[in-house]
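The values are calculated or read from the model by the stated rules, or taken from the named source; none is laboratory data. Predicted model only: the values in this text are computed from it and were never measured. Because the Cβ atoms are built from the backbone with ideal geometry, glycine has one as well, and the counts that use them run over all protein chains shown. Accessible surface is based on the protein model in full, side chains and every heavy atom, while ligands, DNA and RNA are left aside. Shrake-Rupley method; radii C 1.70, N 1.55, O 1.52, S 1.80 Å.
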Amino acid sequence: MNTTSLGMPAFPEAAREALNNRTLRGNLRHATHTIRAKRARAVAEVSDWAELREAGKRIKDHTLRRLGGYLEQLEESVTAAGGTVHWAADAAEANRIVTELVRATGESEVVKVKSMATQEIELNEALEAAGIRAYETDLAELIVQLGEDRPSHILVPAIHRNRGEIRDIFRTQMASWGRPAPEGLSDDPAELAEAARLHLREKFLRAKVGVSGANFMVAETGTLVVVESEGNGRMCLTLPETLISVVGIEKVVPTWRDLEVFLQLLPRSSTAERMNPYTSMWTGTTDGDGPRAFHLVLLDNGRTDTLADEVGRQALRCIRCSACLNVCPVYERAGGHAYGSVYPGPIGAVLSPQLRGTASEIDASLPYASSLCGACYEVCPVAIDIPEVLVHLRERVVEGGPAVRNGNRVVLKPAKGHAAERAAMRAAGWALGRPGVLRTGQRLASRTRGFRPRTLPGPGRAWTATRDLPAVPAEPFRDWWLRTRGGKDDAR
């Protein structure tokens, strides 16, 4: 997976820095609360939302169980429709394939419709190293690119920026990328959108190569689907002579009919719309209509390793709606950059450590970037039990154990810094398995509760730095039960 963010500190340190940025916290609070309120109203309009959610979950699980067969069917369908399919095991192979395809056209620039897969593999950087310039055309992605920034949200990559900051970025940076911002540009949203529209128009009309992702791929017909709200996708997908789509293998669905479910779930969960303003679908190539050459790059990059994990594989159901980010109290305060991945928030906390492994400091800390409140599971349109996966990954970080990396079964070593946690859990397990020891420990704690410290020493200091140490009751529950009920019902 990408390497740029792997030099970041662990999540707690990165989040602490973000918490000190009052402007960032204000931007995030306003945006996430607005989006979640709109989503709640949009979902409430659908009387069978729970049934749709269950249908989406079942379609995804069915597809993942038979992923190899559906990918082969997809390849056959795309090839029959005039496209060419390429298989990329990792980021390096995908970047090499795309770079060679662009070079073969003789072009030195491409336009892109927002694709998280290309961000994941750092395609823009690979193209730049080869002398090819990639222009982002999604408004938020344009803001991020012009500001030499990183995305901080799945749906709204520039959510951490306010209108004044965007105006300043346009004023100072647009000219170096193409058409400059209009004189006297204000922070009025309509003016900002018009400035971006004028800046991008010349690129759409000039570019010969387009690069896209896809929200869904239909194995039955070879059709790819992109849903977006601005029209930039439609321009990127239809005007260039060559279209290259880089898509994660988990985005395949079996049949055209399956789209009915996801095209209801996705827009309401993401943009709180009944349907996306632009839903673009294409199947191979057609003479006189759209690109003359179509290439599909199917990206693995850790996905089959994730598929091998019976608990963790449910993260591959994700349809990138971002609903989990907008309800997460941790994301709302820390922002997306603290996650050190193109996939921030709750879904990033379970997806990134599986795609990249837990060897780095940042990835080993991501499963702990959650309060386990469960709000993410409640809003997920495909019912990913993110808290379950987080706990599963925490166990992997602390205990190590069997896993699949790069297609090989390995035994992971426990991550550094968790020796005290392992010792505490093993001691607790030993005590909980021995009623006499547990009873003695409870009584001892009650009788010495006056000496309870306000904070824990040593490794426990990190836990009590942000939490109150629970008060110890005057007597254990067992003793209270025996005293008040006389042991009549249960003296054990």
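Before moving on, here are some points about what is shown:
- Being within 28 Å of the chain's Cα centre (by Cα), open to solvent by 60 Å² or more (accessible area, probe 1.4 Å), under 30 Å from Arg29 (Cα atoms) and not hydrophobic (A, V, I, L, M, F, W, C) holds for only one residue in Glu148, Glu191, and it is Glu148.
- Given (1) in contact with a Phe, Trp or Tyr (Cβ under 7 Å, 6 or more places away or on another chain); (2) open to solvent by 20 Å² or more (accessible area, probe 1.4 Å), number of the condition Gly83 does not satisfy: (2)
- Meets criteria (within 20 Å of the chain's Cα centre (by Cα) and surrounded by fewer than 19 Cβ atoms within 10 Å (Cβ to Cβ)) for His33: yes
- Per-region count, the stretch 2-20, residues modelled with pLDDT of 90 or more, within 22 Å of Glu120 (Cβ to Cβ) and not in a helix (DSSP H, G or I): 1
- Residues being over 30 Å from Leu52 (Cβ atoms) and under 12 Å from the mean Cα position of the chain (by Cα) - total across the stretch 338-367: 1
- Tally, over the stretch 79-135, of residues that are assigned to a helix (DSSP H, G or I) and of a type in the set (A, V, I, L, M, F, W, C): 15
- Residue count, the stretch 252-278 (criterion: surrounded by 24 or more Cβ atoms within 10 Å (Cβ to Cβ) and either more than 25 Å from Leu325 (Cβ to Cβ) or of a type in the set (D, E, K, R) (or both)): 1
- Test: residue in the stretch 422-431 that is under 22 Å from Ile362 (Cβ atoms) and open to solvent by less than 100 Å² (accessible area, probe 1.4 Å): yes
Condition check ((1) within 25 Å of Ile159 (Cβ to Cβ); (2) open to solvent by 30 Å² or more (accessible area, probe 1.4 Å)) across all residues:
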site	(1), (2)
Ser280	yes, no
Thr285	no, yes
Ala308	no, yes
Gln314	no, no
Glu332	yes, no
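- Residues that are surrounded by fewer than 20 Cβ atoms within 10 Å (Cβ to Cβ) and assigned to a helix (DSSP H, G or I), drawn from the stretch 351-374: Glu361, Tyr368
- Whichever residue in the stretch 376-393 is out of contact with any Ser or Thr (no Cβ under 6 Å at 6 or more places or on another chain) and within 17 Å of Arg36 (Cβ to Cβ) and, among such residues, is most open to solvent (accessible area, probe 1.4 Å): Glu378
Quick grid of which residues meet (1) within 16 Å of Asp258 (Cα to Cα); (2) at pLDDT below 95; (3) among the acidic types (Asp, Glu):
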position	(1), (2), (3)
His30	no, yes, no
Glu45	no, no, yes
Lys57	yes, no, no
Lys60	yes, no, no
Leu67	yes, no, no
Asp90	no, no, yes
Asn95	no, no, no
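Residues checked against (1) of a type outside the set (D, E, K, R); (2) part of a strand (DSSP E or B); (3) farther than 22 Å from Ala94 by Cβ:
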| site | (1), (2), (3) |
| --- | --- |
| Ala214 | yes, no, no |
| Leu224 | yes, yes, no |
| Val227 | yes, yes, yes |
| Gly233 | yes, no, no |
| Cys236 | yes, no, no |
| Val246 | yes, yes, no |
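Residue by residue, here is whether (1) more than 14 Å from the chain's Cα centre (by Cα); (2) in contact (Cβ under 8 Å) with a residue 24 or more places away in the chain; (3) at positive phi holds:
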site	(1), (2), (3)
Thr279	yes, yes, no
Asn301	yes, yes, yes
Arg317	no, yes, no
Ser322	no, yes, yes
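- Looking only at residues in the stretch 144-181 that are under 12 Å from Lys114 (Cβ atoms) and aliphatic (A, V, I, L, M), the one that is modelled with the highest pLDDT is Val144.
- Residue match in the stretch 104-113 (condition: in contact with a helix residue (DSSP H, G or I) (Cβ under 7 Å, 6 or more places away or on another chain), surrounded by fewer than 21 Cβ atoms within 10 Å (Cβ to Cβ) and not aliphatic (A, V, I, L, M)): no
- Qualifying residue in the stretch 287-299 (condition: within 23 Å of Arg66 (Cα to Cα), touching a helix residue (DSSP H, G or I) at 6+ places or on another chain (Cβ under 7 Å), small (Gly, Ala, Ser) and not in a helix (DSSP H, G or I)): no
- Subset of the stretch 443-470 [of a type in the set (A, V, I, L, M, F, W, C), at pLDDT 85 or above and open to solvent by 80 Å² or more (accessible area, probe 1.4 Å)]: Leu444
- Inside the stretch 59-73, residues that are within 23 Å of the chain's Cα centre (by Cα) and under 17 Å from Glu310 (Cβ atoms) make up a count of 7.
- Among the numbered conditions (1) loosely packed, with under 12 Cβ neighbours inside 10 Å; (2) among the charged types (D, E, K, R); (3) part of a helix (DSSP H, G or I), the only one that Arg396 does not meet is (1).
- Number of residues in the stretch 400-448 that are of a type in the set (S, T, N, Q) and under 42 Å from the mean Cα position of the chain (by Cα): the value is 2.
- Residue check for Ser270: at pLDDT below 95, in contact with a strand residue (DSSP E or B) (Cβ under 9 Å, 6 or more places away or on another chain) and under 30 Å from Val379 (Cα atoms): yes
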